[in-house]
Amino acid sequence: MAGTLTATDGASGDGLATARVAGPWRDKLRMLLRQRSAVIGLIIISILSFAALFADVIAPHPPNKALNGPGEPGRRAQPCVHLLGCPADQPQTLLGTDGNSRDLFSRTLHGARVSLVVGFATAGLAVLIGSTIGAIAGFAAGGLDNGLMRVMDVMLAFPALVLAIAIASTLGRGLLQSLIAVAIVSIPIYARVMRASVLSVRGLDYVTASRALGETNRGLLVRRVLPNALTPMIVVGTLGIGTAVLETAALSFLGLGMQPPDAEWGAMIASEFNGILTRPLIVLVPGFALTLLVVGFNLLGDGLRDTLDPRLDR
Amino acid sequence: MTRRSTRAGVASLGTATLLVASLGGGTFAQGSPEPAPAAAAVMSYPNYGGEVDCEARTFNGTEYRGSIKSIEATDASTVVFTLCAPDPAFLAKVAFSAFQIDDTDYLLTAGADRSIVEKPNGTGPYQLGDWVRGDQVILNAYAGYHGDAALSPTAIFRWSSQPGQKFIELQSGNVDGIDNVQPDDVEAIEGDPNLQLIPREGLNVFYIGFNDTAAPFDNEKIRQAIAQGIDRQAIVDQFYPAGSEVASHFVPCSIAFGCEGESWYDFDLAAAQALLAEGMAEAGVDSISTTISLRVVDRGYLPLPEQVATAIQAQLQDNLGITATLDVQESGTFIDNADLGLLKGLHLLGWGADYPDPTNFLDYHFGEGASAQFGNGFPDIHAALRAGASTAVDAERQAAYTDVNNLLKQHVPMIPVAHGGSATAWAAGLQGNPHSSPLSNEVLSVIGPGTDDQLVFMQSGEPAGLYCADESDGEALRICEQIKESLYAFEVGGVAAIPALATECAANDDLTVWTCTLKDGVTFHNGATLDAGDVVLSYAVQWDAAHPLHLGRDGSFTYFAGLFGGFLNAPPAAE
């Protein structure tokens, strides 16, 4: 913790100190890259991010285009790759087509874009609001703390997905609405973590010293407490991206999230799951992609926790 | 069992009971163990406010657009229906499950507090054991049934909107039969020696509906443009099983007079786009954004609702530049919203034949008594339908339905898309007669259980209610048909109307007076004996919108209005 304290103090100080700041973060990065699970997580996320970013280029077909014209594979076509022995007179399709004759590979790629944006946006929104609430509650203490935390407790009393369904149903169908719903149900988790973190920092000597030197409450919170309370949020936030992706997919699966015809993994599973016995690939491909992305963020989150938590230093 | 006095039964209903009470004021003496024989009419309806004036089309000073003039119980076992015009489809209509007969006493009490919606009391081979909401309806064989006893002591209806789940339940032996086999599962069922697939003829129609009271679909050219801009053949080719066909008319061609007149528009993109531009200019709109409302419940006419909706959404966008969002609604809500005219965009719905006559398809949807589903309706279609329904002369019916179909093509209240073939699937070891009905009214009493003493059938949805006078969904009607009976019924697995509670309904020469003689010894599940008064009251509560028992589940009674033209004392049409 002492190292962190020095770095933060330096960050608010002169240029020499700033040069020293980079040291601990580089160490942490090195530690992170030495952890196999984190590296695997990073690789998965990088690949999926690349796929999402360049989906328009990589995808052989527009995601919503029905391929049922002459010379096209048609509805629920099996995968056909000429290089792998598929007859040359059959149209190529890497993973086959879905029930609306759309290319499954192209839709899965575009689904990655939606899931990643949703994951980052949802977790980011929830972290921002949750952190603010938690920080204010933890720093202010007393009645405000009690009030804010009881509200968080009430929200935590509901199963997250059920509450998200209720909120999304109220807001209406759509990706933005489901994103907001998932963000709202995630807020209490971040608020709790941030509050605990702030409580552990606000009583430290350097904070007391800053207060004695005339630092305002706002200054204490923003400049002294928050920077040193952020570490757990980075870990929880990273893990939360995977959860957000999963919950948003669940809402889409239930018809509350992304609306047809746009590609989203949860919605893709929902529209085809009746064919799980006869055409399993159409369901398994988006399911596998979803699992992969969530596992990626979970592995990265675990790695970050191992790296950033000094009690777990090896 | 002795019947209670009708007069006593209505005492608690207050002033509104006048209409009902007078029904019991005839020769059916209080305290008499059996209804007294009567030589003259002892019960009739309407029994107040004078007679229906068929020429002036009025009753009691108000407009009356219906086709029934009066219903009389001339004695305990005879009912006479007098119509304003000949009705060649009368027997088929009275065979339909919306016109099942209730016990008078039961109707007076359970109809008044609406408990009849959940606790039907009929004369059928099964009686309601329990309706576990959200789970199943359990039926027990009725020991006092007047016909052949049910082969299975217990019949259970379960439901799932997921075709995949139905298939798995059948494969695993949890259910004995399923409805609406998904096209993609046909091959697997045919290849499984433990299962049997029984195809069902496509006596149905899937259509894309418009509401002509809502802009921009109040513009006929826009509706016509969409009719020409949807490639219906592509939809049928992609999503429908073998035995399905593109709809050339609203009524399937296997029904007599169904396909008179011009065939529907061919897919013509250039014409559609030109017409759309013209219509949009008339309507003063630059672009069209709308919704496609649907329910995700598979039916024979629409086996893959979401996928078909997505395909239509894509065609609207690609072909006509119309942006549409899908609006999935709960099944019962969707039907209610359609009936109330609340679906202002496009909606995907269909119709399975209740009896094989054009009136069943056309009058219900486009007749004077039709719901607000398509908006205000079209007077020229009303007139043509009236002409078709009120003659038994083939040439006249042909001419009338030619007009109807041509006018439908002109006004485009909907786009008929497909007549879908479908199938039921059953476990292979069942006794009796596992079957598919072209009217989707499979009779479970003729099917015996397999290895246990119960027969479980899985359909696509839970019924909204079991008072089928006020239901229009097949999921409700199929269950009602096991419990209750009409004067006539349809043969098992067929479409011919055969006597049920009546031994016969004989018509006069011009088909305007139908005299129905009831079977003797028919008892309801509550022990009451069937008599002609039950028939009169069962019809009267539907027919008269001012009747104190005209309540039902939501009070729409759409079948009666649709098939018999309208209600007595119908509320004024909304402007």
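The values are calculated or read from the model by the stated rules, or taken from the named source; none is laboratory data. This one's a predicted model, so the numbers in the text were calculated from it and none came from an experiment. Heads up, the Cβs are rebuilt from the backbone with ideal geometry, glycines too, and the neighbour counts pull from every protein chain shown. Only protein heavy atoms, including side chains, enter the accessible area calculation; ligands, DNA and RNA are left aside. Shrake-Rupley method; radii C 1.70, N 1.55, O 1.52, S 1.80 Å.
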Open item on the list: Among the residues of segment A:69-102, what is the count of those that are closer than 29 Å to A:S252 by Cα, more than 14 Å from chain B (Cβ to nearest Cβ) and not hydrophobic (A, V, I, L, M, F, W, C)?
Closed with: 2
- [ ] Hey, can you tell me all the residues within segment B:142-166 that are closer than 30 Å to B:L304 by Cα, more than 14 Å from chain A (Cβ to nearest Cβ) and open to solvent by 40 Å² or more (accessible area, probe 1.4 Å)?
- [x] B:R158
TODO: Keeping to segment B:291-307, report how many residues are hydrophobic (A, V, I, L, M, F, W, C) and in contact with a strand residue (DSSP E or B) (Cβ under 6 Å, 6 or more places away or on another chain).
DONE: 4
Task: Pairs with Cβ under 6 Å, 6+ apart, first in segment B:318-347 and in contact (Cβ under 8 Å) with a residue 60 or more places away in the chain, second of a type in the set (K, R) and open to solvent by less than 30 Å² (accessible area, probe 1.4 Å) - done: B:S331/B:R295
- [ ] Please determine, by comparing only the residues of segment B:464-510 that are polar (S, T, N, Q) and open to solvent by 20 Å² or more (accessible area, probe 1.4 Å), which one is modelled with the highest pLDDT.
- [x] B:T503
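If you check B:F206, B:F217, which single one turns out to be touching a Gly at 6+ places or on another chain (Cβ under 6 Å) and open to solvent by less than 10 Å² (accessible area, probe 1.4 Å)?
Working: B:F217 fails: touching a Gly at 6+ places or on another chain (Cβ under 6 Å).
Step by step, each of B:F206, B:F217 is checked, and only B:F206 is touching a Gly at 6+ places or on another chain (Cβ under 6 Å) and open to solvent by less than 10 Å² (accessible area, probe 1.4 Å).
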- [ ] Please find, within segment B:220-244, the residue that is nearest to the other protein chains (Cβ to nearest Cβ) out of those that are buried (at least 19 other Cβ atoms within 10 Å of the Cβ) and polar (S, T, N, Q).
- [x] B:Q238
Open item on the list: Looking at segment B:270-286, can you tell me whether even one residue there is of a type in the set (G, A, S), open to solvent by less than 40 Å² (accessible area, probe 1.4 Å) and in contact with a Phe, Trp or Tyr (Cβ under 8 Å, 6 or more places away or on another chain)?
Closed with: no
Open item on the list: For segment B:173-199, give me each residue that is of a type in the set (D, E, K, R), outside any loop (DSSP other than H, G, I, E, B) and either open to solvent by 20 Å² or more (accessible area, probe 1.4 Å) or touching a Leu at 6+ places or on another chain (Cβ under 7 Å) (or both).
Closed with: B:D184, B:E187, B:E190
Open item on the list: Can you tell me which of (1) more than 30 Å from B:A274 (Cα to Cα); (2) more than 27 Å from the chain's Cα centre (by Cα); (3) not assigned by TED's automatic domain parsing to the domain that holds B:D452 is the one B:G111 doesn't meet?
Closed with: (2)
Open item on the list: within 14 Å of chain A (Cβ to nearest Cβ), open to solvent by less than 10 Å² (accessible area, probe 1.4 Å) and not in a loop (DSSP other than H, G, I, E, B): which single residue out of B:L139, B:L170, B:L108 fits that description?
Closed with: B:L170
TODO: Could you tell me which residue of segment B:442-456 is nearest to B:S97 (Cα to Cα), considering only residues that are touching a residue at least 40 places away in the same chain (Cβ under 8 Å) and surrounded by fewer than 24 Cβ atoms within 10 Å (Cβ to Cβ)?
DONE: B:V443
- [ ] Check whether at least one residue in segment B:70-86 is closer than 20 Å to B:G527 by Cα and free of Cβ contacts under 8 Å to residues at least 40 places away in the same chain, and report yes or no.
- [x] no
- [ ] Collect the residues in segment B:305-350 that are small (G, A, S), open to solvent by 20 Å² or more (accessible area, probe 1.4 Å) and within 11 Å of chain A (Cβ to nearest Cβ), keeping them in residue-number order.
- [x] B:A314
